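So the structure is just underneath, and the comments pick up after that.
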Amino acid sequence: MTAIEFTHQVSSLRGTLYSFTRRFTHDKEEGLDLVQDTILKALTYRDKFREDTNLKGWLFTIMRNTFINNYRKTKRERTSHDTTKELYHLNVEDTHTFNSPGSNYEYKDIMKNIDEIREELLIPFKMHTSGYKYHEIAEHLNIPIGTVKNRIFHARKEIQKKLHGY
């Protein structure tokens, strides 16, 4: 297949590719960007395409992999890294803001629900969310690490049940 034929066949599948983007995103602009990236990669790596391969399937695979790679890249960019010596801080960016009155009310309501769980679960959970490591919590409370992990797990489960509406 010549380069012109290949380009024509790829561009004739533009509408099909756009329809396929709905599996990944409902945002029109993001879908158009994904189609554009897919076509660009297909044209760039035309020499990798084999004649006995289904072109539409090949393009769908490029699109899926492009979406996954972009998603992972975006997720990585939103993660902050702890550079302290003891790694006290959690390596997750805090994206919550409680500036609006409604958000402040939700925050207080959530914290009230969290504070209602049993104290034996609450203390390890709060220590863990404050950045303490499992072994530090175990030493501080004088209990085994397995017990600490178990209590944090059960605290999360209870909190999830209480906050099911959020």
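What follows draws every value from the coordinates through simple rules; no lab data is involved. All figures in this text were calculated on a predicted structure; none of them were measured in a lab. Ideal geometry is used to build each Cβ from the backbone, glycine not excepted, and the neighbour counts take in all protein chains shown.
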Report summary line: Packing-ranked peptide list from 111-119, 36-44, 69-77, highest mean Cβ count within 10 angstrom first, is 36-44, 111-119, 69-77
Report task. Per residue of the range 47-59, in order, report the coupling 6.51 cos²θ - 1.76 cosθ + 1.60 (Karplus, θ = phi - 60°) as ³J(HN,Hα) in whole Hz, putting x for Gly and Pro. Result -> 5, 7, 6, 9, 4, 7, 9, 6, 4, 4, x, 5, 5
Query raised in the report: Taking the Cα centre of the range 101-162 as the origin, how large is its charge dipole in debye, to the nearest 20, when only Lys and Arg (+1) and Asp and Glu (-1) carry charge on their Cβ atoms?
Result: 220
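Using only alpha-carbon positions, what ratio does the radius of gyration of the range 101-162 give when scaled by 2.2 N^0.38 Å?
1.20
Note the full-extension length gain between K126 and N113 as 0.36 nm times their separation in residues minus their Cα-Cα distance, in nm to one decimal.
Numbers: separation 13, 0.36 × 13 = 4.68 nm, distance 1.32 nm.
Result for the pair: 3.4 nm of gain on full extension.
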Requested in this report: Step through the residues of the range 113-125 one at a time and calculate ³J(HN,Hα) from phi using the Karplus curve (6.51 cos²θ - 1.76 cosθ + 1.60, θ = phi - 60°), rounding each to whole Hz and writing x for Gly and Pro.
Outcome: 5, 5, 5, 7, 6, 4, 4, 5, 8, 5, 4, x, 4
Query raised in the report: Nearest 20 debye, what's the magnitude of the dipole of the range 3-77 about its Cα centre given +1 on Lys and Arg Cβ and -1 on Asp and Glu Cβ?
Result: 320
Query raised in the report: For all pairs of alpha-carbon atoms in the range 3-77, what percent lies in each bin of width 5 Å, listed from the first bin to the last filled one?
Result: 3, 16, 29, 25, 15, 8, 4, 1
Report summary line: Diffing the range 35-43: the Karplus 3J(HN,Hα) column from phi (6.51, -1.76, 1.60, θ = phi - 60°), in whole Hz with x for Gly and Pro, holds 5, 4, 4, 5, 5, 4, 5, 4, 5
